[in-house]
Each structure stands twice: as C-alpha cells, then as structure tokens.
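Engineer: Before we start, here is the structure in question, set down as structure tokens.
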Amino acid sequence: MSSIPFLPFTRPTIDEETIADVAAVLRSGWITTGPRAAAFESALSAYCGGRPVRAFSSGTATLETALRLAGVGPGDEVVTTPLTWVATANVILAVGARPVFVDVEAATRNIDLARVAGAVTPRTRAIIPVDLAGLPVDRDALYRVARDRGLRVVEDAAQSLGSAWAGRPIGSSFGEGRDFVSFSFHANKNLTTGEGGALVLPDDVDPVLCERLRLQGVQRFPDGGMDVAVAGGKANLTDIAATIGLGQLKRLGEFTARRRALARRYFDRFALPDGQALLARGLALPPADQEHGNWHMFQVLLPPGTNRGSVIADMKERGIGVGVHYPALHLFTLYRGLGWKEGDFPVAEDIGRRILTLPLFPAMADGDPDRVATALAAVLA
Ligand SMILES: *Cc1c(COP(=O)(O)O)cnc(C)c1O
C-alpha cells in the first residue's frame, strides 16, 4: 500500500468562505432561485462584457434552450464535432433536428472549420463548435464561415470559461452580437456550482423568453395572475448553487493561471529524456497553446496500438487517476443506429481511441506533473 495520497484527474477547489456563504443561504429560508442566482447572472454578465446572461441547472439545458431560441427544430440540421461530450449532439436530437458531424483537426482536436462549408446543406441552420479541453476554436475562421453560410452559432464553451480569443474572454461576442455562448458548471469544469450552466444571449433574443423556456413557460402578472404560452422546461439554478458559483468566479483568474503553470510543468517534464523517448514512440502531447487556453484538461494521445484500459488500471495502481474525454460519439450505439459508422471521421476516431486525460486542477502540487509523467513512462515502458 502506498502512503502517497491518490491523485484524481480533477478535483474542485471550494474555499471556506464559499462554504460559509452556502451555509448562510441554507439558513436564510430561501434556497432555490432568488437573489443569489440574480447576483451570479450579473457577475457573469460583467465578465462577458455586459451581455445578457441567464443561469441554468446544467450546460445541457443551456445548449438545448439556445437551439430552441434560435428556432432550430424538426427538419433542420446542425453542424458540430464528433469529438465532444455527447451532450453536444444529444441536444440536437432533443429539439428534433439532425446533427451533421464534421471531422476534427489533428493539431487542435477541434472541429475542422475548413470542412464546414462542404457539410452545409439548405437545411443547415446552426453550428455548435466546441472548445475541447478549453482550447478555443479559431473565432475569426468560425464567424467567417458562419457569416458566409448564414449559420447561427451556439458556442459550446462548457470547457472554455477563462479562455480568451484575441485578448477578449470567451463569452464576449465574437459574432456581432448574434451568437449564443453556453457554459457548464458541472463539478469537473473550471468553475463549478456542483451542477449548473449559463447561457449568454444574442442581442436579438428576448431574455424574458429565455426565462420562460427555463421555467415551464410561466409568465406572471403583477395582480398575481399567470399565463403559459410556450412549453418551457425546468432548468433554473438554485441560490445554493449560485453561491458556490459566486465564490468560484472571484477566483477564476487565479485558477486559470495555476492551470497554465501546471501545464507548463508537464511540457517541461516531457522535454526530459524519458519523455522524449515516449514522444519518439508515438505519444502525442496536447496543442501547446499557452496564450488562449484555460487548460481545462491536459490530454495526451497514447502511442497507436496501446491498450488504454491497462494503462488506466496501471496508473490507478500507482495512485493516479486518469480519464477518457472522449471516444468519438458517432460510434455510440444510438448514433450508429442513426446511420453513422466506423471510418466516417477518421481523425476524431483515432484521437478518441488514444486520448487520455492526465491530472490537472488548481490544487495540484508543483511536483505532481513530474509524478504523473514518471508513472506514465514506467507504465508505457
Ligand atoms: C460538460 C459539457 C457539456 C454539458 O454540461 P452539463 O452541465 O454536464 O450538462 C456540454 N458540452 C461539453 C463540451 C461539456 O464538456
């Protein structure tokens, strides 16, 4: 038995002040959506350059609501990447539309924008780009193709809060105010509320309609009456969760800086001889972008042919948790049943078979990247 504590691939950092604030909310008598959720929305809006922001119970609910607000429905197509958390594609099915997958670029692991135009048909209404591991999709190229093809953009920025493009935070408008941006605050994301999400709205969408879709379509009148004109869902964020979010948002810059420093330690460590030997054998490091990314994850690709399952088990044996984010989703049973098959998106499939998420989170010790890389070199030896 090792005395070194187990190192998970991620762990949230929740400070004592936040815990005390949550306790105060629990004692206050108002625990569901209220003043704290409103304060969290205001703080996020300020972060996003003053754009309207509405908080939700998940990043899946925000994506689905964005598609509804954009008028995407049955008969429509939505372009996206097959290398993402399955939520990105599931929401397209949920509104009755059809996903159109476009393979990823090997260098960034994000959707290959050069291939998007070729996938657009007269039925294509929107594109959902995903900033995998927090590395932003090229916003200049993205909005060029969206403008040329008349596509609505719903940025799936679940992983990229804290990242930036051209000096402005992700969440700012890169699409002339017509773009949606969706964030997730799932426990593993860079900013967490336990579970939660936020939707940044375009200028031409009424935030009140967004609020109605979030809560049963209900419209309340000053005289106490109410009406329902649209079938909304149930996806509001509680004040308990929003209080965690307010405590997290204050520290987002610090978290991002710490993640970047740890990522740098990984790159420095893999530059040593045993790391170079791994690279020579086909291990691939993540794209080295240190300027734009928030380092939501540090993901290597194992050498081709490696048995990933045994690497995961051997790392666990050495006290290190690693993860898989993600297998190419068009090969899941549901999507195969809809017509996709092996070979459709070879770049995403290769990455999806080889990808491995190494530990990276703000509370990691300076020496942990060395410990992880040393273990990986031994496991792959
Ligand atoms: C986490 C995540 C989502 C979904 O967010 P939830 O809050 O878990 O519903 C969607 N897309 C991507 C890329 C994600 O990483």
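Engineer: For the range 252-380, what relative contact order do you get, as a whole percent, if you take Cα pairs closer than 8 Å and at least 6 residues apart?
Structural biologist: Result for the range 252-380 is 35 percent.
Engineer: Rounded to the nearest 0.05, what FRET efficiency do TRP30 and ASP289 have when you use their Cβ-Cβ distance and R0 = 51 Å?
Structural biologist: Computed FRET efficiency for TRP30 and ASP289 comes out at 0.75.
Engineer: Tell me which aspartates and glutamates have Cα within less than 19 Å of LYS250's Cα, excluding those fewer than 8 residues away on the same chain?
Structural biologist: LYS250 reaches ASP15, GLU16, GLU17, ASP21, GLU41, GLU195, ASP239.
Engineer: Rounded to the nearest 10 degrees, what's the angle between the helix 139-149 long axis and the longest principal axis of the chain, both from Cα atoms, 0 to 90?
Structural biologist: Between helix and principal axis, roughly 50 degrees.
Engineer: How high is the relative contact order of the range 97-202, given as a whole-number percent (alpha carbon pairs under 8 Å, six or more residues apart)?
Structural biologist: Relative contact order, the range 97-202: 19 percent.
Engineer: Then there is this: On a 0 to 90 degree scale, rounded to 10, what angle separates helix 59-69 from the longest Cα axis of the chain?
Structural biologist: 40 degrees
Engineer: Continuing with the same structure: For VAL104, what is the net charge nearby, where nearby means another residue's Cβ is under 11 Å from its Cβ and Lys, Arg count +1, Asp, Glu -1? Walk me through the intermediate numbers first.
Structural biologist: Working: positive: ARG109, ARG115; negative: ASP103, GLU105, ASP112, GLU349, ASP350.
Computed value for this residue: -3.
Engineer: Additional query: Please tell me the relative contact order of the chain in percent, rounded to the nearest whole number, where contacts are Cα pairs under 8 Å and at least six residues apart.
Structural biologist: Normalised by residue count, the contact order of the chain is 22 percent.
Engineer: Follow-up question, since we're still on this one. Starting from 0.36 nm per residue, how many nanometres of slack lie between LEU252 and ARG168 once their C-alpha separation is accounted for?
Structural biologist: Details: separation 84, 0.36 × 84 = 30.24 nm, distance 1.48 nm.
Full extension from LEU252 to ARG168 adds 28.8 nm.
Engineer: Here's a follow-up. Can you list the lysines whose alpha carbon sits under 27 Å from that of LYS316, skipping same-chain ones fewer than 8 residues off?
Structural biologist: The qualifying lysines are LYS189.
Engineer: Hey, in the GNM for the chain with a 10 angstrom Cα cutoff, which one of GLY309, GLY175, GLY323 fluctuates hardest?
Structural biologist: Evaluated over the chain, the most mobile residue of the options is GLY309.
Engineer: Angle between the Cα long axis of helix 239-249 and the longest principal axis of the chain, 0 to 90 degrees, nearest 10?
Structural biologist: Helix 239-249 and the main axis of the chain meet at about 50 degrees.
Engineer: With θ set to phi - 60°, apply the Karplus curve 6.51 cos²θ - 1.76 cosθ + 1.60 along the range 214-227 and write out the HN-Hα couplings as whole Hz, x wherever there is a Gly or Pro.
Structural biologist: In residue order, the calculated couplings are 6, 9, 6, x, 6, 10, 9, 10, x, 7, x, x, 8, 9 Hz.
Engineer: How large is the direction-averaged shadow of the alpha-carbon convex hull of the range 16-250, in nm²?
Structural biologist: Its average projected convex-hull area is 13.2 nm².
Engineer: While we're on this one: For ASP15 and ALA39, what is the calculated FRET efficiency with R₀ set at 25 Å and r taken between the beta-carbons, to the nearest 0.05?
Structural biologist: Computed FRET efficiency for ASP15 and ALA39: 0.90.
Engineer: Next question. When only the heavy atoms of the protein chains count and the probe is 1.4 Å, how do HIS330, HIS325 rank by accessible area, highest first?
Structural biologist: Output order, biggest surface exposure first: HIS325, HIS330.
Engineer: Now a separate question. Report, in deg cm²/dmol and to the nearest 500, the calculated mean residue ellipticity at 222 nm for the chain, where each DSSP H run with n ≥ 4 adds -39500 (n - 2.57) and the sum is divided by the residue count.
Structural biologist: Per the formula, -11000 deg cm²/dmol.
Engineer: Of the DSSP beta bridges with both residues in the chain, give the percent that are antiparallel, rounding to the nearest 5.
Structural biologist: On the way: 21 of 37 bridges.
In the chain, DSSP labels about 55 percent of beta bridges as antiparallel.
The values are calculated or read from the model by the stated rules, or taken from the named source; none is laboratory data. Remember, it's a predicted structure, so these values are computed and weren't measured experimentally. Every residue, glycine as well, gets a Cβ built from its backbone with ideal geometry; the counts of neighbours run over all protein chains shown. Note: areas computed on protein heavy atoms with side chains; ligands, DNA, RNA excluded. Shrake-Rupley method; radii C 1.70, N 1.55, O 1.52, S 1.80 Å.
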